[in-house]
Amino acid sequence: MLRWLWQFIKPYRLRLVLALLALLMTAALTLSMGQGIRLMVDEGFAAESREGLAYALSLFGVITFFMAIGAFFRFYMVSWIGERVVADIRIKLYDHLVGLTPSFFEDNLAGEIQGRITTDTTLLQTVIGSSFSFALRNSLTFLGGLVLMFISNVKLTLIVLIVVPLIVFPLIFFGRKVRELSRMSQDKVATVGAWAGESLQHIKVVQAFTREDMVNKQFSQAAEGAFDVALQRIRHRAVLIALVMMLVMGAVAGMLFVGGNDVLDGKLSAGDLSAFVFYAIMVAGSLAAVTEVYGEVQRAAGAVERIRELLATEAQIVSAVNAAKLPLQPADDEPLLAFKNVDYTYPLRPNYKAIDTLTLAIKAGERIALVGPSGAGKSTLFDLLLRFRDPQSGSIELAGKNLSNLNLQELRSQYALVPQQPVLFSSNVLDNLRYGCPDASLEQVIAAAKAAHAHEFIEQLPDGYESFLGESGVKLSGGQRQRLAIARAILRDPKILLLDEATSALDAQSEFHVQQALNELMKDRTTLIIAHRLATVAHVDRIAVFDNGKLVDIGSHEQLLKSSELYKRLAQLQFSVAVE
Ligand SMILES: Nc1ncnc2c1ncn2[C@@H]1O[C@H](COP(=O)(O)OP(=O)(O)OP(=O)(O)O)[C@@H](O)[C@H]1O
Ligand SMILES: [Mg+2]
C-alpha cells in the first residue's frame with residue numbers, strides 16, 4: 001500500500017521532509033519533558049526549593065513554546081500533503097473512469113463507483129493527513145522513550161518489556177481481521193449510496209407506484225447490513241484496544257511496585273522514578289496509539305485496494321496505436337460506411353445474436369432509415385458504429401478503414417448522435433447546446449436552436465438561454481429535451497448523423513417542423529435514422545428492415561411495400577391503408 005501511495009506522495013517530497021523535521025523536533029521535545037519533571041521533583045519538591053521549582057517550570061515553558069511551533073508545522077504540512085494526494089488520486093481515478101468502455105458501467109453500479117471516488121479517498125485522506133503522522137510521531141516517542149528508559153533504569157525497563165510480545169501478536173491477528181471487515185463495510189456503504197441515488201433520481205416512479213414503504217425497507221436493510229459489518233469491525237478493534245491497554249497498564253503497575261520499593265529503600269531518587277514513569281507512560285501511550293491507528297491504516301488499505309482495482313480496470317476498447325488519419329475520403333465507388341458479416345452478442349446474453357451476420361454498405365451522403373420491431377438491434381448498431389462495443393466477428397469500415405484501426409476520438413468526432421433517451425446535463429441551455437461544439441458562437445447556437453424549433457420555448461424560459469435545466473434536464477418536457485438534443489447535433493455539424501428515434505416525443509406539429517429542419521440538415525450528409533413511425537422515414541433513400549438482429553429487407557418505401565412482408569405488416573398497422 002505504501003509503495004503504491006508513494007507515487008502520489010513523491011512530487012511533494014520537500015514538504016514531506018519539512019513535516020518529518022517538525023515531527024522529529026516535537027518528538028524530541030516531548031521526551032525532554034521527562035527531564036523537566038525530574039528536575040522539578042528533585043530540585044523543587046525534594047530539595048524544597050522555590051527557585052528550583054521556578055527554574056524547572058521556566059524550562060518547561062521554553063520546551064512548550066518550541067513544541068507548539070513544531071506542532072504547527074507538522075500539522076500544517078502533513079494535512080496539506082494528505083489533502084493534496086487525495087485530490088490527485090481523485091482526479092486520476094475520474095480521468096481513468098471517463099475513458100472506460102460504456103459496458104463497464106452496465107456491469108457496475110455507477111453510484112457504487114461514485115462511492116469509491118468520494119468515501120474511499122476520504123478514508124485515505126484521514127490516514128495520510130493525520131493517522132500516518134500520528135503513528136510516526138508516536139513511533140518516535142516510543143523508540144526515544146524506550147532508549148531513555150534503558151538509560152535511566154535497566155531493571156525497571158525489562159519489567160515493562162516483558163509485555164511487548166504479548167501485545168504484538170494480538171495486534172497482527174486482529175489487524176488482519178479488521179482489514180477484511182473494513183473492506184466489506186466499505187463495499188456495503190457504497191452499495192447503500194448507489195441504491196439511494198437511483199431511487200431518489202427516479203422518485204416520481206417510486207411515488208407513482210406507491211413503493212415508498214418498500215424502498216424504505218430495502219434501504220434500511222442495506223443500511224443495517226452496513227451497520228452489522230461495521231459493528232463486527234468495531235468489536236474487533238474494541239477488543240484490541242482494551243487488551244493492549246490492560247497489558248500496558250499492568251506492566252506499568254508492576255514497574256511502579258518495584259520502582260517504588262527502590263525509592264523507599266533509597267536506591268532511586270523520587271525524581272528519577274517520576275521521569276521513568278513519565279517515559280513509561282509515554283511509551284505505553286504511544287504504543288496504544290499506534291495500535292489504534294494500525295486499525296485505521298488497515299481500513300485505508302482496504303480503500304486503497306478498491307481504488308487500485310478500479311485503476312487496474314482497462315478500457316476494453318481503445319484507440320489504434322498507429323491510427324489512420326481522418327477525415328478519410330472514400331474512393332468514388334467505395335461506400336462511406338460498410339458492415340461486413342458483423343456479428344454482435346451481448347456478453348450477458350451469449351446465446352442471442354443482437355446483430356446477426358449483417359452486411360450493409362452506406363454511400364457518402366446517403367440517407368438510410370433503420371426500422372423494425374422493438375429489440376431488433378437498431379440501437380445496438382449505433383453502439384457498434386460509435387465503438388461503444390466491438391463486434392465479435394466481421395468488420396465495420398469507415399471509408400475502407402476498419403474502425404478498430406482509427407483513433408477513437410477522431411472516429412467519434414465524425415458523428416453527431418441524437419440518442420433514444422435525450423440526455424441533458426445539469427447546467428444551462430447554452431452549455432447543453434454547446435456540448436458537442438464548445439467553441440460555437442451565440443449566433444450559431446441560436447441558429448441551431450431555431451432549426452430544431454427549440455428557440456421559441458427557450459426564449460420563454462425564465463432566463464432564456466441561461467436557464468438552468470436541473471439534473472438531467474428534469475425541468476423540461478420530453479419533447480423539449482428532444483429538441484435540445486437535436487439542436488445540439490445540428491450545432492456539431494457532423495459528417496455522419498445518427499438519429500435514434502429523434503422525433504418520437506414530439507407532437508405532430510413540431511414533429512413536422514423538426515422533420516423539415518432535419519431534412520435540411522440531412523442534405524449532403526450521411527444519415528442513419530432509426531424510427532418507429534414509418535411516415536417520418538418514407539422519403540429517405542433506402543430503408544433497412546431489421547428483425548431479431550438480421551437485416552431482412554432493404555429498399556425504398558415503395559419497393560418494400562411490394563417486397564417485404566414485415567415492412568408491409570408494419571406499414572399496414574401504421575397507415576391503416578390497404579396494401580395488397
Ligand atoms: N446492455 C445490454 N445487455 C444485454 N442485452 C442487451 C443490452 N442492450 C440491448 N440488449 C438486447 O439486444 C437486443 C437489441 O437491442 P436494441 O436496443 O438494439 O434494440 P432496438 O432495435 O434499438 O429496439 P427499440 O426499437 O425498442 O429501441 C434486444 O433484445 C435487447 O434486449
Ligand atoms: Mg433502440
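Rg and Dmax of segment 327-449, both derived from C-alpha coordinates alone, stand at 16.8, 51 Å. Helix 164-201 versus the longest principal axis of the chain: what is the Cα-based angle in degrees, 0 to 90, to the nearest 10? Compared with the principal axis, the helix lies near 30 degrees. If only the Cβ of Lys and Arg carry +1 and only the Cβ of Asp and Glu carry -1, the dipole of the chain around its Cα centre is close to 1060 debye.
Once both labels are positioned 7 Å from their Cα atoms along Cα-to-Cβ, the gap between Asp343 and Gln207 label points is 5.0 nm.
With a threshold of 25 Å on the Cα-Cα distance, the over-threshold entries among Lys325/Lys550; Lys204/Lys353; Lys378/Lys523 are Lys325/Lys550; Lys204/Lys353.
With the cut-off at 1.5 for a/c, could you classify segment 258-416 from its C-alpha gyration tensor as rounded, prolate or oblate? Prolate is the answer for segment 258-416, as a/c is 1.5 or above and a/b outweighs b/c. With the dipole of segment 2-312 worked out from charges on the C-beta (+1 for Lys and Arg, -1 for Asp and Glu) around the Cα centre, which of Ala135, Leu268, Phe150 lies farthest toward the positive end? Of the options given, the answer is Ala135. The dipole here belongs to segment 421-493: it is taken about the Cα centre, uses +1 on the Cβ of Lys and Arg and -1 on the Cβ of Asp and Glu, and is about 280 debye.
Cα-based radius of gyration for segment 2-312, normalised by 2.2 N^0.38 Å, reads 1.30.
Using the Stokes-Einstein relation with a Kirkwood hydrodynamic radius computed over Cα pairs, the translational diffusion coefficient of the chain at 10 °C and a viscosity of 1.306 mPa s comes to 53 µm²/s. Placing unit charges on each Cβ (+1 for Lys and Arg, -1 for Asp and Glu) gives the chain a dipole about its Cα centre, and among Ile203, His96, Leu534 the Cα reaching farthest toward its positive end belongs to His96. Our note on the geometry: Cα centres of segment 37-75 and segment 1-23, 33 Å apart.
Ranking Met255, Gly175, Gln480 by Cα position along the charge dipole of the chain, where only Lys, Arg, Asp and Glu carry charges on their C-beta atoms, puts Met255 farthest toward the positive end.
Here the scattering of segment 421-493 is modelled by Debye summation over its C-alpha atoms, one equal scatterer each and no solvent; at q = 0.17, 0.25 Å⁻¹ the log10 of I(q)/I(0) is -0.49, -1.17. Relative to the longest principal axis of the Cα atoms of the chain, the long axis of helix 50-98 lies at roughly 20 degrees. Helix 270-312 axis versus longest C-alpha principal axis of the chain: approximately 10°, rounded to the nearest ten.
What's the longest bit of the chain with no exposed chymotrypsin sites (Phe, Trp or Tyr not before Pro), using DSSP loop states and at most 16 other Cβ atoms within 10 Å as the test?
Working: sites that count: Phe209, Tyr352, Phe388, Phe425.
Segment 1-208 is the longest.
Taking other residues whose beta carbon is less than 9 angstrom from the beta carbon of Leu403, and scoring Lys, Arg as +1 and Asp, Glu as -1, yields 0.
What the pair-distance distribution of segment 443-531 shows, using all Cα-Cα distances binned every 5 Å from zero, is 3, 14, 26, 27, 17, 10, 3, 0 percent. Charge tally around Phe169: other residues with Cβ under 14 Å, Lys/Arg +1 each, Asp/Glu -1 each, net +2.
Shown is the FRET efficiency for Phe104 and Lys523, computed with R0 = 35 Å from the Cβ-Cβ distance and rounded to the nearest 0.05: 0.40.
What are the trypsin sites (Lys or Arg not before Pro) within segment 279-357 that DSSP puts in a loop, where the Cβ has at most 14 other Cβ atoms within 10 Å? Please list the in-between numbers first.
Details: sites: Arg299, Arg306, Arg308, Lys325, Lys340, Lys353; in loops: Lys325.
Filter output for segment 279-357: Lys325.
Would you mind working out the magnitude of the charge dipole of segment 2-312 relative to its Cα centre, with +1 at each Lys and Arg C-beta and -1 at each Asp and Glu C-beta, to the nearest 20 Debye? Mind dumping the intermediate values first?
Details: 28 positive and 25 negative charges, 115 e Å.
Result for segment 2-312 is approximately 540 debye, rounded to the nearest 20.
I want the local charge near Ala242. Using Cβ-Cβ distances under 14 Å, sum +1 for each Lys or Arg and -1 for each Asp or Glu among the other residues. Walk me through the numbers on the way to the answer.
Values: positive: Arg235, Arg237; negative: Glu292.
Its environment carries a net charge of +1.
Just so you know, all these numbers are worked out from the coordinates, no wet-lab data involved. The model shown is predicted, which means the values in this text are computed figures rather than measured ones. Note: ideal-geometry Cβ built from the backbone for every residue, glycine included; neighbour counts use all protein chains shown.
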